[in-house]
1. Calculate the spin-label point distance for LEU66 paired with GLU87, positioning each point 7 Å from the Cα along the beta-carbon direction, and give it in nanometres.
2. Note the full-extension length gain between VAL76 and THR11 as 0.36 nm times their separation in residues minus their Cα-Cα distance, in nm to one decimal.
3. Mind ranking 73-79, 12-18 by how tightly packed they are, going by the mean number of other C-beta atoms within 10 angstrom, highest first?
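No lab work stands behind these numbers, since they all come straight from the coordinates. These numbers come from a predicted model, not from an experiment. Quick reminder, even Gly has a Cβ in these numbers, built from the backbone with ideal geometry, and neighbours come from all protein chains shown.
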Amino acid sequence: MSACWTLTTSTDGGLTWQDAVLSGMPAGSSTSLTSVVAGPGGLVLSATNGGIYTSNDGVAWTPRTLPASRVLYRVVHDGIRHCAVGESGAVSY
């Protein structure tokens, strides 16, 4: 069983908002969503369980696997790649 979070998105500059359900986390998890960034390939979201999720539309999200599971605080895009930064100096590209 998975827990779900609601992520609210807008496609018209913030005039209207729609809920996008992000699923795939273990039930009872205390995970928080920490950051969302847009890049040329779509959106990337980070979470405190070391989770990274990607989306082309902000509605359907796919979990991705990182080499290590750590708390992730922020994900950014530098124009070339996404970089996730987390606990104990963890950095994933």
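1. The two pseudo-label positions are separated by 1.1 nm.
2. 21.4 nm
3. Going from most to least packed, we get 73-79, 12-18.
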